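What follows is one structure encoded as structure tokens, with my remarks underneath.
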Amino acid sequence: MSVRVLRAASREAVPWKNGGGITREIAAWPQDAGMADFAWRISLAEVAADGPFSAFPGVDRILTMAEGAGMDLTVGGERRLVDTCCVPQHFPGDVATNCRLLGGRVVNFNVMYRRDRTFATVAVVRGESAVTVPPGGTVVIVALDGTASFDGVTLGRYDAAVVRSPVALLAEGQTAVVTLLETGA
């Protein structure tokens, strides 16, 4: 079994690309890739004020609110209300996106991937789950609240594990299972 555990306590807070908040990177591919050259990137973003999201050409996003009352987003001119925790929202990262907070600070679990190189899905699970890994794929498991455990590994809130083989997951709280598959270039 190939597992890499990434503890939340070791993450550094970094200003957003547009300077409007902070992010803590969980994992990226290739490892140590920057904002301009990642194939995929998973992070937690703290949003404390209304404003625009950074634009990322050629990138799709899957945003899952992990904490807070919510956001009223405008994505490419269309309104999208995000007011329930742990419900993944998929949208293009290269269209204008503005945010209005509904009741103070939120924390978003973000998956960004270059649509010409990678495909990603996010499922939020609780309880027992069989986590499969597609051939050549990668799965990242992130405990959004509570704990998650498998094969002697226990993840606390916002801890993550990168796995490349199937696991039997027990999620005591809401847990994100991100499946990533390279598709080209």
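The values are calculated or read from the model by the stated rules, or taken from the named source; none is laboratory data. Please read these numbers as outputs of a predicted model, since none were measured by experiment. With ideal geometry, Cβ positions are generated from the backbone for all residues, glycine too; neighbour counts draw on all protein chains shown. The protein model used for the area step is the full one, side chains on, heavy atoms only, and it has no ligands, DNA or RNA in it. Shrake-Rupley method; radii C 1.70, N 1.55, O 1.52, S 1.80 Å.
So here's what we get for this one:
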{"read-out": "Flag for Asp60 being among the acidic types (Asp, Glu) and in contact (Cβ under 8 Å) with a residue 24 or more places away in the chain", "value": "yes"}
{"read-out": "Residue among Arg157, Arg164 that alone is of a type outside the set (Val, Ile, Thr), open to solvent by 20 Å² or more (accessible area, probe 1.4 Å), at pLDDT below 95 and at negative phi", "value": "Arg164"}
{"read-out": "Answer residue from segment 77-107, given it is in contact with a Pro (Cβ under 8 Å, 6 or more places away or on another chain) and assigned to a strand (DSSP E or B) and is farthest from Phe56 (Cα to Cα) among those", "value": "Cys99"}
{"read-out": "Pairs, first in contact (Cβ under 8 Å) with a residue 12 or more places away in the chain in segment 30-43, second open to solvent by 80 Å² or more (accessible area, probe 1.4 Å) and not hydroxyl-bearing (Ser, Thr, Tyr), C-beta under 9 Å, six or more apart", "value": "Met35/Lys17; Phe38/Trp29; Ala39/Trp29; Ala39/Glu182; Ala39/Ala185; Trp40/Trp29; Trp40/Glu182; Arg41/Trp29"}
{"read-out": "Selection count, segment 28-76, where residues are of a type in the set (S, T, N, Q) and either open to solvent by 50 Å² or more (accessible area, probe 1.4 Å) or assigned to a loop (DSSP other than H, G, I, E, B) (or both)", "value": "3"}
{"read-out": "Residue count, segment 87-117 (criterion: open to solvent by 20 Å² or more (accessible area, probe 1.4 Å) and under 25 Å from Ala28 (Cβ atoms))", "value": "13"}
{"read-out": "Where Gly136 falls short, out of the listed (1) over 22 Å from Val107 (Cβ atoms); (2) touching a residue at least 40 places away in the same chain (Cβ under 8 Å); (3) assigned to a strand (DSSP E or B); (4) open to solvent by 50 Å² or more (accessible area, probe 1.4 Å)", "value": "(3)"}
